[in-house]
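One structure below.
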Amino acid sequence: MQLFRFANPQYLYLLLILPVMLVIFLLNNLRRKRLIRKIGTPALVSKLIPEMSGNRPLIKFLIMMLAVSSAVIMLARPQYGSKLEEVKKQGVEVIIALDVSNSMLAEDIQPNRLVRAKQAISRLVDNLSNDRIGLIVFAGDAYTQVPVTTDYVSAKMFLSTITPDMVAKQGTAIGAAIELGIRSFSPGEGKSRAMIIITDGENHEKDPLSSAEEAAKAGIIIHTIGIGSPEGVPIPISSGGRKDYLKDTEGNTVITKLDEETLKNIALRTGGSYVRASNSSLGLDEIFSNIRKMKKEELEGTIYTEYNDQFRIFAGISAIFLILEFLIMNRKNRRLANVRLFKFKI
C-alpha cells in the first residue's frame, strides 16, 4: 500500500477562499437581478437583450472554483510514497496502549485527557530515531492502530485519527490491551520490549493484573501513566449542539475517577514505573528516558524513502479549467444559440 501525503499541507488553508468566493458571487448575482428589475421584468429584458445569459455566469463561476481548488492542491504538493527501504537500527520496541473510552474526554487535564495524551505521543514520536513503536487503542475492546514500525510519519498520521468513536464497545479493558500488546511485539527471546499504558485506570473488564503477570513472564516491562484526578470529574458530551454531561440510566451524572492503585500494581508486577499525569507534564518523556536505558538490539523496519510528486496533474487540471473559463463568454453567441450543454441552452 502506498503512503499518501501533502508535502506542504499548510497551503490547504487557502481552500477557505472558496466560501468567500461563493459569498461574493451570490451578492453580485443578487445585485445583477435587482438592476434587471429596474429595467423591466426578466421576460421583457431577455427579449430586449437576447445575448444575455442567466446560466453562463454560474457555469463560469463553478469552473473558476474548480480551477482554484486544483491550484491549491497543487501548492500543497500531493505525494505518493513509491519506494520501500529495509532499515536496520539499534533500539528498543515500544508499544503505547492508549485509552479511548468516553472517560478520556474529561477535562481535568486540559484541553481533555485524550487530546493531551495524543499531543504528548506526537511529540515523543518526533524525537524518535532508532526505536520501533506501535500503538494500541482500547476501551471495552483493544485494537492495533499501528503495528510496531520505524515509519514515524505513518505512526503520526494514524495517531491523528484516533477518537472515542473508533471503539464501539465502551469500558476500559486494560487486560485486553496488555494481552494484545504481548501478541504484537516481534517474536524472539531476549528482546528489549516495553509497553506504556495511558489511561484513567477505571478497569471495567477482567482483572488486568493477571495479564500483567503474563507480560512479565514474556520479558515485557509495562509502564503506566495515570491521567485524571482521583477526586473525579464529569464526562462532557455534545447534546443538540450544546455541552452536557454523560448520565447513567437513572439520570445521574457519571463521574470518572483515576484509579492509581491498579496502575501502580500493573507497573510493579512487570518491573515498570508509574507516573501520574498533570497539566504541565503527561510523564511520557520521563518514562521513555527510563526505556532508553534498556539494552539496545538490532531492529529491522520498512519505511518509505522516496515520494513521487503529483502536483503536475493538478497544475494541468487547473490550467484547463482556467482556459475553459476564459473561452466561455458572459454573453450568448448568436451562432451558438442553439448549442446545448448540461441539458440547457448556453
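Taken together, the values in this text are just the output of simple stated rules run on the coordinates, not laboratory data. On a predicted model such as this, the values are computed, not experimentally measured, just so you know. Don't worry about glycine lacking a Cβ; one is built from the backbone with ideal geometry, like all the others, and counts go over all protein chains shown.
Quick notes on this structure:
- Cleavage-rule hits (GluC sites (Glu not before Pro)) in segment 210-239: DSSP loop, at most 12 neighbouring Cβ within 10 angstrom: GLU231
- Simple label model, 7 Å out from Cα along Cβ direction - ASP285 to LEU58, nm: 5.7 nm
- Rounded to the nearest 0.05, the FRET efficiency derived from the C-beta distance between LEU18 and GLU214 at R0 = 56 Å is 0.55.
- The calculated FRET efficiency for the pair GLN110 and GLN170, based on their C-beta separation and a Förster distance of 30 Å, comes to about 0.80.
- Segment 188-275, Rg to Rh (Cα coordinates; Rh as Kirkwood inverse mean 1/r): 1.13
- Estimated vicinal HN-Hα couplings, Hz - segment 206-220 in sequence order (Karplus 6.51, -1.76, 1.60; Gly, Pro = x): 5, 4, x, 5, 5, 5, 5, 5, 5, 5, 4, 5, 7, x, 9
- Cα centroid separation, segment 143-183 to segment 232-252 (Å): 26 Å
- Cα gyration tensor shape of segment 93-295, rounded if a/c is under 1.5, else prolate or oblate by comparing a/b with b/c: prolate
- Label-point gap, in nm, between ALA319 and ASP126 - each point 7 angstrom along Cα→Cβ: 3.8 nm
- For GLN170, residues with placed amide H under 5 Å, excluding near neighbours: GLY140
- Segments 162-169, 272-279 sorted - mean Cβ within 10 Å per residue, highest first: 272-279, 162-169
- The slack in the chain from LEU327 to GLU260, taken as 0.36 nm per residue of separation less the alpha-carbon distance, amounts to 17.1 nm.
- Scalar couplings 3J(HN,Hα) for segment 55-65, obtained by applying the Karplus form with A = 6.51, B = -1.76, C = 1.60 to θ = phi - 60°, are 9, 4, x, 5, 4, 4, 5, 4, 5, 5, 4 Hz; x denotes Gly and Pro.
- With R₀ set to 35 Å, the beta-carbon distance separating TYR11 from SER238 gives a calculated FRET efficiency near 0.70.
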